[in-house]
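First comes the structure, then the notes that go with it.
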Amino acid sequence: MPDQPDAVPTGTLLAASDATPYDALLLLSFGGPEGPDDVVPFLQNVTRGRGIPEERLKEVGQHYFLFDGISPINEQNRHLLDALREDFAEHGPADLPVYWGNRNWAPYLTDALREITRAGHRRVAVLATSAYASYSGCRQYRENLAESIEALRAEGLEPPRVDKLRHYFNHLGFVRPMVDGVLKSLAELPQELRRGAHLAFTTHSIPTAAADTSGPPEAHGEGGAYVAQHLDVARLIADAVREATGVDDRPWELVYQSRSGAPHIPWLEPDICDHLEALHGAGAPAVVMVPIGFVSDHMEVLYDLDTEATAKAAELGLPVARSATVGADPRFAAAVRELLLERAAAERGAAVRPCALGALGPSHDLCPVGCCPARSPKPAAAGADSPFA
């Protein structure tokens with residue numbers, strides 16, 4: 001794993017534990033159903049405005065019903081909340097409260113922001129459980145924040161200023177747990193298969209048009225920042241695995257999963273199941289699937305990888321393993337603390353050199369105009385084009 005670059009110093013930040021001007025942290029996530037009766041209402045929230053009939057949603061919801069209607073994401077977020085609070089209590093800022101709100105299921109973002117407002121907080125740092133640039137992974141969260149702010153203002157409340165923490169795809173505390181997950185998965189393969197095992201780095205497929213316009217305007221182009229950031233993380237992990245195992249020629253590729261939407265619209269490819277077929281045809285002895293695009297075990301991980309892709313591999317007779325997501329790893333909790341303290345120091349006017357591995361460097365603190373543009377113009381908080389101070 002490459003050395004962490006000089007930061008402002010990260011040691012100074014951690015020692016100071018000064019989160020000023022922030023007086024709260026909000027964990028902002030997607031949300032998921034927690035029982036069979038939740039599935040269709042949850043999917044109605046996710047697809048609101050698209051006119052999808054309930055019968056179709058019931059068909060889509062079959063993935064959830066296979067798991068008793070329970071997505072793992074809410075429980076994973078509870079574990080992450082515990083990890084963040086434990087880390088803050090041990091290292092500081094010990095008295096900074098941590099809240100949690102979701103876009104599509106309870107606890108809802110607007111309810112969380114209302115609680116934050118009534119508690120008197122005036123400046124809130126927001127950590128989204130999406131590490132990469134894209135419309136659905138960044139700007140849509142910012143739009144949801146703007147909608148919640150407007151809803152609370154309509155109630156006569158004055159919500160605090162919200163600042164979204166930068167993308168953390170290349171932070172050491174996000175990358176290192178995934179490296180360890182790959183090494184553990186390789187060790188679980190039969191010994192004779194380990195050296196030749198391929199790595200399939202997976203992330204959520206999105207429309208190619210959305211990928212091409214992801215990130216700030218200067219990053220737009222084929223694949224945009226979305227693909228470039230995933231490739232950078234994949235290289236970091238592959239290089240670290242090579243160093244740890246001594247296997248210099250281990251093949252790897254970035255592939256996609258969880259495609260949805262109209263079939264005539266181009267999405268990022270290849271799909272993981274198609275990739276497994278191609279690897280089997282080429283004589284690959286085994287594959288480790290590495291879900292770098294997911295902070296925790298979403299339904300997409302449980303179904304698309306652990307169920308569908310694993311079944312495809314079994315059909316092919318191709319040994320596979322799936323490495324762990326970062327989840328509530330203490331190193332990730334520490335990374336969140338560092339992201340918070342880094343941004344707080346910058347807001348106070350300190351010269352900060354953020355932790356960032358790989359070739360792309362640290363992401364921006366403030367999303368610029370034209371970054372991950374909306375499908376249709378909507379107000380978005382925490383960006384250069386935000387209507388909120």
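Under 28 Å from the Cα of Lys378, which lysines turn up, not counting those fewer than eight places away in the same chain? Lys378 reaches Lys164. The 3J(HN,Hα) values that the Karplus relation (6.51, -1.76, 1.60; θ = phi - 60°) gives for region 377-384 are, in residue order, x, 9, x, 9, 7, 6, x, 5 Hz. Gly and Pro appear as x. Rolling a 1.4 Å probe over the protein chains gives Ser386 an accessible area of about 30 Å². Modelled this way, with points 7 Å down the Cα-to-C-beta line, the labels at Glu243 and Leu193 are 2.8 nm from one another.
What figure, in Å² to the nearest 10, do you get for the accessible area of Phe30 with a 1.4 Å probe and non-protein molecules left out? The value for Phe30 is about 60 Å².
A protection proxy built from the mean count of other Cβ atoms within 10 Å ranks the segments 335-348, 50-63, 250-263, 211-224, most packed first, as 335-348, 211-224, 250-263, 50-63. To put it simply, the accessible area of the chain at a 1.4 Å probe is 51 percent carbon and sulfur.
Taking every DSSP helix (H) stretch of at least 4 residues in the chain, weighting each as -39,500 (n - 2.57) and dividing the sum by the residue count yields a mean residue ellipticity at 222 nm of -12000 deg cm²/dmol.
Can you tell me, using C-alpha contacts under 8 Å and at least 6 residues apart, the relative contact order of region 326-389 as a whole percent?
On the way: 29 pairs, mean separation 11.3, N = 64.
With pairs under 8 Å counted, the relative contact order is 18 percent.
Take region 197-356 with all the other protein chains still there, run a 1.4 Å probe, and you get 38 Å² of accessible area per residue.
Bridgeable lysines around Lys58 (alpha carbons under 28 Å apart, same-chain partners fewer than 8 residues away excluded): Lys312. Does the chain come out rounded, prolate or oblate, given a ≥ b ≥ c as the square roots of the eigenvalues of its C-alpha gyration tensor, rounded meaning a/c under 1.5 and, failing that, prolate meaning a/b above b/c? In terms of gyration-tensor shape, oblate. Among 101-113, 121-133, 225-237, the peptide with the highest mean count of other Cβ atoms within 10 Å heads the list, and the full ranking is 225-237, 121-133, 101-113.
Please report the antiparallel percentage of the DSSP beta bridges confined to the chain, to the nearest 5.
Here the share of antiparallel DSSP bridges comes out near 5 percent.
May I ask you to list the GluC sites (Glu not before Pro) in region 135-182 that are in a DSSP loop and have at most 12 other Cβ atoms within 10 Å of their Cβ? Filter output for region 135-182: Glu155. The length gained by stretching the chain between Arg122 and Ala350 to full extension, at 0.36 nm per residue less their Cα-Cα distance, is 80.0 nm.
The values are calculated or read from the model by the stated rules, or taken from the named source; none is laboratory data. Owing to the predicted nature of the structure, the values given are computational and were not obtained by experimental measurement. Heads up, the Cβs are rebuilt from the backbone with ideal geometry, glycines too, and the neighbour counts pull from every protein chain shown. These area figures cover heavy atoms from the full protein model, side chains too; ligands, DNA and RNA do not enter into them. Shrake-Rupley method; radii C 1.70, N 1.55, O 1.52, S 1.80 Å.
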